[in-house]
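This report refers to the structure that appears directly beneath it.
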Amino acid sequence: MMMLLIVALSASMAISSCSKDKDDDPSSSNSNSIVGTWYFVEDDGELDYEDCFVFKSNGTFSWYDDMGSYRFNEKTSMLVLDWDEYGEDDPIYVEFLGKNMIYLEDYGVYKKK
């Protein structure tokens, strides 16, 4: 009985360790850490509720009236915005400043609410 249990556990560990983890792929499209609504933080610490990025789990985003798709690589902290209106990629470095705050290069500090 004990031998059967050891064989079963070994087999399950071997199967789970062979599965490809999506996070290992540097081109992995989206991370939940960026998903949500992020509001611009003014110099006085107040939130600007008109200036916000909305990143959805389906890989789309909006900012003011602009929309597009995005890819975020958590390992390199690179966010690439593909603006529908402009048809070009916009690579942005992201720095996480805490649980609910990020710095988006060229855009400023944003807070998730």
Conditions (1) in contact (Cβ under 8 Å) with a residue 24 or more places away in the chain; (2) touching a strand residue (DSSP E or B) at 6+ places or on another chain (Cβ under 9 Å); number of the one not met by Ser57: (2)
Residues being surrounded by fewer than 12 Cβ atoms within 10 Å (Cβ to Cβ) and assigned to a strand (DSSP E or B) - total across the stretch 98-113: 1
Residue selected from the stretch 60-88 under the condition closer than 17 Å to Val109 by Cβ and either touching a residue at least 24 places away in the same chain (Cβ under 8 Å) or among the small types (Gly, Ala, Ser) (or both), by the criterion surrounded by the most Cβ atoms within 10 Å (Cβ to Cβ): Leu79
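Test Ser57 against the stated conditions and say whether it is surrounded by fewer than 17 Cβ atoms within 10 Å (Cβ to Cβ) and within 15 Å of the chain's Cα centre (by Cα). Break it down stepwise before answering.
Details: surrounded by fewer than 17 Cβ atoms within 10 Å (Cβ to Cβ): yes; within 15 Å of the chain's Cα centre (by Cα): yes.
Yes; evaluated as a whole, the condition is true for this residue.
Can you say whether Glu95 is part of a loop (DSSP other than H, G, I, E, B), at pLDDT below 95, acidic (Asp, Glu) and surrounded by fewer than 15 Cβ atoms within 10 Å (Cβ to Cβ), as far as the supplied structure shows?
Against the criterion (part of a loop (DSSP other than H, G, I, E, B), at pLDDT below 95, acidic (Asp, Glu) and surrounded by fewer than 15 Cβ atoms within 10 Å (Cβ to Cβ)), Glu95 does not qualify.
The values are calculated or read from the model by the stated rules, or taken from the named source; none is laboratory data. Source: prediction; values computed, not measured. Note: ideal-geometry Cβ built from the backbone for every residue, glycine included; neighbour counts use all protein chains shown.
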